[in-house]
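Right, one structure below, let's go through it.
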Amino acid sequence: MKYGLIGCGRISPNHIAAALANNLEIVALCDVVADNIEDKILKFDLPRTIRVYTDYKEMLATESLELVSIATESGKHAQIALDCIDAGCNLIIEKPIALSLEDADKVIAAAKAKGVKVSACHQNRFNKSIQKIREAVERRRFGKLFYGTAHIRWNRGYEYYSRANWRGTWAQDGGALMNQCIHNIDLLRWMMGGDIVEVVGMTDKLNHDYIEAEDLGIALVRFANGSYGIIEGTTDIYPQNLEETLYIFGEKGTVKAGGKSVNIIEEWRFSDALDDPDDIKKQYHENPPNVYGFGHTPLYADVIDAIMTGREPYVTAEDGRRALELVLAIYKSASEGVSVKLPLEKCSTLDFVGRF
């Protein structure tokens, strides 16, 4: 399957490694900075037959690509996706799928009209720990779901933001919730039933005078099934990343996933006693080298199979929209000082320019 990557920055090694692990034919790499491409070619010892581009439109016009991944700054995801879809390419889009609900809807509609597959790159859904928890949810082992919590307690400093001037801007990124925390926010919504009634949020910029958006976000979520969610996300933790955790509390079960990217099951308690908690904690204890975890490779495998069989990907574009909608709802609630009812039809990070 002929593959191309648009965007060769910080996250691109995970995409290239996943493409190689899944035996994709890497045909072309694209980045507006040619040195970024050269760096990845050297890092992975890629063949010099791979064609390089600094203009993705030229790449789409020249190559016949079956699968493209978009790993540029977030604010460019939607337009690049629409151009790729128009060229007949299936897509993996790094989170977030877009920065506005209107753009996300355009991508979803275009993909359906063109008959191509689009997957939002929420790779943590493929963590072994998360898959085990999801199995328990689907088997209704929790009984009635009470509430879940997502905590993302990370550190990002001046060095991180200064490497790319789009980071922390409303036009191209958003803040901690949209960039660093959206993976765990996606997991919380997915586990707790999906449909949301209302969101109450607070956001602030406490420690990063050089960015536009928030470095702290806190929210309460009321789900349609009667359960609740608590979200706490920040890039203010001293002196380095502390943890990313997901708790699920139910009538008959309590689970905690933790570690760098929720790769470790730390608590596993169910009234049905179907398995030994100590065994589960030993079995589901991965230690990835960084917060990106091990999920890209199985996500790629799933998307490839979806293309070949005609089914939908495990993580769809609609899933990407739902994660985006929740973050934007928190922003909207924090900005307006009100409870926000869902679903939202229109909202964009650009609505919050000047917020701080």
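Are any of the residues in the range 124-141 more than 21 Å from the chain's Cα centre (by Cα), in contact (Cβ under 8 Å) with a residue 24 or more places away in the chain and not in a strand (DSSP E or B)? It would help to see each step written out before you state the result.
Here is the first cut: in the range 124-141, the ones more than 21 Å from the chain's Cα centre (by Cα) are 136, 138-141.
Remaining after also requiring in contact (Cβ under 8 Å) with a residue 24 or more places away in the chain: 136, 141.
Filter once more, keeping what is not in a strand (DSSP E or B): 136, 141.
Yes: one or more hits.
Please tell me if Leu246 is of a type outside the set (Gly, Ala, Ser), assigned by TED's automatic domain parsing to the domain that holds Trp170, closer than 23 Å to Val137 by Cα and in contact with a Leu (Cβ under 6 Å, 6 or more places away or on another chain). Before you say what the answer is, go through the steps one by one.
Working: of a type outside the set (Gly, Ala, Ser): yes; assigned by TED's automatic domain parsing to the domain that holds Trp170: yes; closer than 23 Å to Val137 by Cα: yes; in contact with a Leu (Cβ under 6 Å, 6 or more places away or on another chain): yes.
For Leu246, the condition - of a type outside the set (Gly, Ala, Ser), assigned by TED's automatic domain parsing to the domain that holds Trp170, closer than 23 Å to Val137 by Cα and in contact with a Leu (Cβ under 6 Å, 6 or more places away or on another chain) - is met.
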Exercise for the section: Answer yes or no: is there a residue in the range 34-44 that is touching a strand residue (DSSP E or B) at 6+ places or on another chain (Cβ under 9 Å), farther than 28 Å from Gly175 by Cβ and small (Gly, Ala, Ser). Expected result: yes
Exercise for the section: Could you tell me which residue of the range 306-337 is surrounded by the most Cβ atoms within 10 Å (Cβ to Cβ), considering only residues that are in a loop (DSSP other than H, G, I, E, B) and in contact (Cβ under 8 Å) with a residue 40 or more places away in the chain? Expected result: Val315
Completion exercise
Checked Ala171, Ala113 against criteria (surrounded by fewer than 24 Cβ atoms within 10 Å (Cβ to Cβ), among the small types (Gly, Ala, Ser), free of Cβ contacts under 8 Å to residues at least 40 places away in the same chain and over 27 Å from Lys281 (Cα atoms)); the one match is Ala113
Completion exercise
Quick count over the range 190-217, residues being part of a strand (DSSP E or B), in contact (Cβ under 8 Å) with a residue 60 or more places away in the chain and surrounded by 19 or more Cβ atoms within 10 Å (Cβ to Cβ), is 5
Handout entry: Candidate set: the range 163-218, residues that are in contact with an Asp or Glu (Cβ under 8 Å, 6 or more places away or on another chain) and of a type in the set (Ser, Thr, Tyr); chosen: the one nearest to Ser129 (Cα to Cα)
Key = Thr203
Practice task
Name every residue in the range 102-123 that is touching a strand residue (DSSP E or B) at 6+ places or on another chain (Cβ under 8 Å), aliphatic (A, V, I, L, M) and assigned to a helix (DSSP H, G or I), in order of residue number.
Solution key: Val107, Ile108, Ala111
Exercise for the section: Return a yes/no flag: does the range 285-294 have any residue that is crowded, with 17+ Cβ neighbours inside 10 Å, within 30 Å of Arg140 (Cβ to Cβ) and at pLDDT 95 or above. Expected result: no
Problem - Those residues of the range 237-266 which are within 13 Å of His151 (Cβ to Cβ) and of a type in the set (Asp, Glu), in sequence order - result: Glu243, Glu244, Glu266
Practice task
Check Ala34 against each of (1) closer than 24 Å to Thr297 by Cβ; (2) surrounded by fewer than 16 Cβ atoms within 10 Å (Cβ to Cβ); (3) in contact (Cβ under 8 Å) with a residue 12 or more places away in the chain and name the one condition it does not meet.
Solution key: (1)
Completion exercise
Within the range 47-65, residues out of contact with any helix residue (DSSP H, G or I) (no Cβ under 7 Å at 6 or more places or on another chain) and of a type outside the set (Val, Ile, Thr) come out as Pro47, Arg48, Arg51, Asp55, Glu58, Met59, Ala61, Glu63, Ser64, Leu65
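Considering each of Glu73, Glu66, Glu38 in turn, give the residue that is under 26 Å from Leu344 (Cα atoms) and not hydrophobic (A, V, I, L, M, F, W, C). Steps first, answer last, please.
Working: Glu66 fails: under 26 Å from Leu344 (Cα atoms); Glu38 fails: under 26 Å from Leu344 (Cα atoms).
Of the residues listed, the single one that is under 26 Å from Leu344 (Cα atoms) and not hydrophobic (A, V, I, L, M, F, W, C) is Glu73.
The values are calculated or read from the model by the stated rules, or taken from the named source; none is laboratory data. Quick caveat, the model's predicted, so the values are computed rather than measured. No Cβ is skipped: glycine too gets one built from the backbone with ideal geometry, and neighbour counts run over all protein chains shown.
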